[in-house]
Structures are given as C-alpha cells and as structure tokens.
Amino acid sequence: MDSTEREHAGSQARQHAARLTAKDIHGVALTWVDNAGVTRVKAVPTARLPQAAQWGVGMSPVFDVYLSDDSAVTSPHIGGPVGDLRLVPDLDRLTCLAAQPGWAWAPVDRYEQDGTPYAACQRQFARRMTARAAETGLEFRMGFETEWTVTAHPTEQRGPHVPHAAEGPAYGMTRVVGLSDYVRDLFEALAVQDVDVLQIHPEYTAGQFEVSVAPADPVRAADLVVLVRETVRAVSHRHGLSASFAPVVTAGPVGNGAHLHLSLWRDGKNLCRAGDGPHGMTRTCESFLAGALEELPALLAVGAPLPASYLRLRPNLWAGAYQCWGVENREAALRFIPGPPLGPDAANAELKCFDAAANPYLLVGAVIAAGLHGIDRELTLPEPVPGNPADTGTTPRLPSSLPAALDHFARSELLRAELGGALFEALLAVRRGEAELARGRSPRELAEALRNRY
Ligand code: GLU
Ligand code: MG
C-alpha cells in the first residue's frame, strides 16, 4: 500500500464509519481464514475503521502455523512469537451483520508492516491466481455449497445431541417445520446482507442442512462462504442451537461437504457449453477440468485438510471419493452439469471432494492454478464414468487419508511454485501437525475434537 492508496482507503472508511454509526453499528469484525481453515478475527470499534483501513490492524503471523486445536507448529519461514502483520479490511465487502445486531464485518488482506503484500496471505493468493487467468482472458464464476449440522448449544451439550426438531427424514419437510423460524431467519439474515441464496434444504443426516448461493468471482465466492457460515452460526446461536461445519460431526453417517461449483468464461461466453469437447464443453474448459482432475490427489491436502476429512470422503456418500468425472454423477469427484433445464449458461462443474475445514481462498486459488496448468498442456479428459465408480473396479480412489494426500501435495511442483515457499511450507507443517494430533485417536474421538472447532 502506498500513501495514495492509504489516503483513499482512509477517506472511504470515514464515510463508511459515519454510515455505520448512524445505523447503531459499533463494532466491525475483521476476519481472515488460517491454514487450518479456522476463521480468526480482530474486531475494531466503528470509529477506528478509518485507522484500520489506512494502517491495518496488527496480528501475529504465527496463526499461519496454528492447528485446529490452537496449538502451533513451526515451518521454515513462519512460526514463533516474533513479528507482526497488518490486517487491512476490504471495504468493498463491508457488510452489516443481520444476526449480530450492532456489528459489521469485512474480510482482510494481510500486509507486512512496510505495506508490501504478505507472501503467505491466502486471500491475495486467490486474487493472484484469478489475475493470472485474466491475463489469458479467462474469468470464473464460483460458488461453494455450505452444509452444516445443527446440534444443541455447546453449553448444554454432552456429545453431539441433535435437537428433536432438527431430526426427521433426509430432505424431509419435517425438519423445516420443526425449525421453521430458524430457517426463515436464515433466509432473512442472508437476504438483508445481500447474499443471493439459491436454496436451503435439509440434508441426508439428522440435523444436517445445506445452503447454496449464486456464483461470483473466486475471491468473492470465498468471502461469501465465510459470511454465510458465520451468519448460519449467528442465527443458530440466536435460536439456542449450535452449527458445526466440521467434515464429520459424528463418526459414521454422511458428513458435511463444501462442494465447489465453477464455470469458466471468456468474452462473456460460458466455456462449459457450446464447444466441441465432451458433452458440449469447449476444449479450454476440458483442459482446465482435466488439469484440476489430475491434480486432485494433491489438491485434497488443501481442500480436505484434516485427518477427519477422510472419515467423510468415502464411497457411496456422494462425497466424491473417486478420481473421475461424470455427467450429473454424484459419486464422481468431478460432476459435470451440462446446464438445462436452468438454461444453457447454468452449465458448470462441481468439485465434490472438498469440505469446510479447507481455507476457501487457498482452495479457489489452487484449483485455478491446477486448471490453468491443464490448459497450458492442452490436457484432455478421460472417458466419463457413467454409473457408480465403486462398481467399475478400475476407477482410482482419491487418497483415503491425510498423509496419503500430503505425499501428493509435497511432490507437487506446481502447487509449490504457485503458492510460494512460505505458504507451501506452512501448509505442509500444519497438515503434518494435524496428522500427528490425530495419531491413535478413534474416529469418534476425532469427530468430538472437531465438532466445536469448525
Ligand atoms: N453430504 C455430502 C458430502 O459429504 C454431499 C451430499 C450432496 O451431494 O449434497 O459431501
Ligand atoms: Mg449437499
């Protein structure tokens, strides 16, 4: 940030602060997501927003090597008690929080104290990859699906107690009737925050719900998923409930995914359609998807970042445990959605194997990096799998544990180069730390340890 940028940010923030104060908003939550996928925060009084926008708010870089249990590891570039970064709010994303009256929220970018971008800032990584694609005229529309499990409020909670009203059949109206005010309040809070919700539905497992939102550019899609989760969390609190986005809340049943939908665009045209590639996609789209599919074993270390992620990522749970693609195939890690009946421009691809413990900024950036690499090499997709990949006997499984995914990640020259040494090494250290933390723990113990962390 140079002095002109600081000046501009300061004057913008002064106007925002006046507007917020007039609305009785007294605190602004400035959030970022660490490498373990935990959303961390520094809150400032509204009157301090101009100061924060100009100079940032201090926070230690050590959180880049924090684990899901708040213990810290170290990495070659990051770790230890020394140093400080500046968290600078993105004022374009400033949002009044409907379910936290008196509060606003903004995501931050992280800078060094001298104003240069921090090399391990995940949000700037996502922006860098988006800009790289834009150099070749490519744009993206992306959207995360958010699945969560409603449980009794932690203070009353012994074990994962699903309140009676949240039980009932999968996709069952019983659950929406039981939590009618809750679901309505979610619609309301998200609408007031200008989040374009596509739908909310009860998911498969008792207590499980899902919300999906309209696609946006990659950084915005990652911002949105943070905002949506914290809104769900806040509405849940107001109803005396707790929301968990952990990949598994109890070991055994279907878990919580965070599927990533994406489409590629050039000159206003959706490249997932009207091309001469498989099922009507363009050759550029095919190569992009082939690049992502090829890199999935390594990408899992970004998108399925906990040992417990692999309790979710199992066959026959629609979690996408196989390294294959298929048209409207919900068992394939890559589900291609040709578009109609929603209209041809609805054509998109869904990566199903990821969960909400992933840092969404890292994930969108890493998927773009892998896809662009596929385009560079003009990769083609293999044959789509038409049925359940479990029945073919030949379709490769994705890694079935974090250490197995980490082996692929550690060898990925592509991800090392694009993430940069500091971020790549921090991720390796954090993932190794999580694997160590989980050693000897039963699935039940793993689920219990994480339930209230995500
Ligand atoms: N809950 C499933 C998962 O773990 C996904 C179900 C669905 O296709 O929406 O990813
Ligand atoms: Mg779902």
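Observations, loosely collected:
- Filtered residues of region 228-262 (kept if within 15 Å of ligand 1 (Cβ to nearest atom), touching a helix residue (DSSP H, G or I) at 6+ places or on another chain (Cβ under 9 Å), modelled with pLDDT under 95 and not hydrophobic (A, V, I, L, M, F, W, C)): THR250, GLY252
- Near pairs, Cβ below 6 angstrom, 6+ apart or cross-chain, from region 196-212 (of a type in the set (Val, Ile, Thr)) to any residue that is near ligand 1 (Cβ under 7 Å from one of its atoms) and outside any strand (DSSP E or B): THR205/VAL254
- Listed by first and then second residue, the pairs linking a residue in region 322-351 that is within 25 Å of GLY393 (Cβ to Cβ) to a residue that is hydroxyl-bearing (Ser, Thr, Tyr) and assigned to a loop (DSSP other than H, G, I, E, B), with Cβ atoms under 7 Å apart and 6 or more places separating them unless they lie on different chains, are TYR322/THR395; CYS324/THR395.
- ALA290 of a type in the set (A, V, I, L, M), over 18 Å from the mean Cα position of the chain (by Cα) and in a helix (DSSP H, G or I): yes
- Taken as a whole, the structure places VAL248 among residues that are touching a Lys or Arg at 6+ places or on another chain (Cβ under 9 Å) and within 15 Å of ligand 2 (Cβ to nearest atom).
- Qualifying residue in region 213-227 (condition: within 15 Å of ligand 2 (Cβ to nearest atom) and closer than 26 Å to LEU450 by Cβ): yes
- Of everything listed in (1) under 22 Å from the mean Cα position of the chain (by Cα); (2) surrounded by fewer than 22 Cβ atoms within 10 Å (Cβ to Cβ); (3) of a type in the set (Gly, Ala, Ser); (4) over 30 Å from ALA104 (Cα atoms), the single unmet condition for ALA319 is (2).
- Any hit, region 185-198, residues being in contact with a His (Cβ under 8 Å, 6 or more places away or on another chain) and within 16 Å of ligand 2 (Cβ to nearest atom): no
- For region 260-276, a residue qualifies if it is free of Cβ contacts under 8 Å to residues at least 12 places away in the same chain and open to solvent by less than 40 Å² (accessible area, probe 1.4 Å), and exactly one does: GLY275.
- The set of residues in region 362-409 being part of a helix (DSSP H, G or I) and open to solvent by 10 Å² or more (accessible area, probe 1.4 Å) consists of LEU372, HIS373, ILE375, ASP376, ALA390, ASP391, PRO403, ALA404, LEU406, ASP407, HIS408.
- Boolean, ASN348 is more than 28 Å from ASP223 (Cβ to Cβ) and within 15 Å of ligand 1 (Cβ to nearest atom): no
- Within region 62-101, the residues that satisfy the criterion of being touching a Ser or Thr at 6+ places or on another chain (Cβ under 9 Å) and closer than 21 Å to ARG19 by Cβ are LEU97, ALA98, ALA99, GLN100.
- Which listed residue is in a strand (DSSP E or B) and open to solvent by 10 Å² or more (accessible area, probe 1.4 Å), from ARG335, ARG314: ARG335
- Among the criteria (1) open to solvent by less than 10 Å² (accessible area, probe 1.4 Å); (2) among the β-branched types (Val, Ile, Thr); (3) within 14 Å of ligand 2 (Cβ to nearest atom), the one THR205 does not fulfil is (1).
- Residue count, region 148-184 (criterion: open to solvent by 90 Å² or more (accessible area, probe 1.4 Å), within 16 Å of ligand 2 (Cβ to nearest atom) and within 24 Å of VAL226 (Cα to Cα)): 0
- Single residue of THR174, THR136, THR151 found to be at pLDDT below 95 and farther than 30 Å from ASP84 by Cα: THR151
- Any hit, region 116-125, residues being in a helix (DSSP H, G or I), more than 14 Å from THR31 (Cα to Cα) and over 24 Å from the mean Cα position of the chain (by Cα): no
- Among residues of region 61-75 that are over 19 Å from ALA438 (Cβ atoms), those with a beta-carbon under 7 Å from a residue that is part of a loop (DSSP other than H, G, I, E, B) and modelled with pLDDT of 95 or more at least six positions away or on a different chain give the pairs PHE63/ASP34; ASP64/ASP34; ASP64/ASN35; ASP64/ALA120.
The values are calculated or read from the model by the stated rules, or taken from the named source; none is laboratory data. Keep in mind the model is a prediction, meaning the values are calculated, not measured. Here the Cβ is made from the backbone with ideal geometry for all residues, glycine too, and neighbour counts use every protein chain on show. When the accessible area is computed, the model is the full protein with side chains, heavy atoms only, and any ligands, DNA or RNA have been set aside. Shrake-Rupley method; radii C 1.70, N 1.55, O 1.52, S 1.80 Å.
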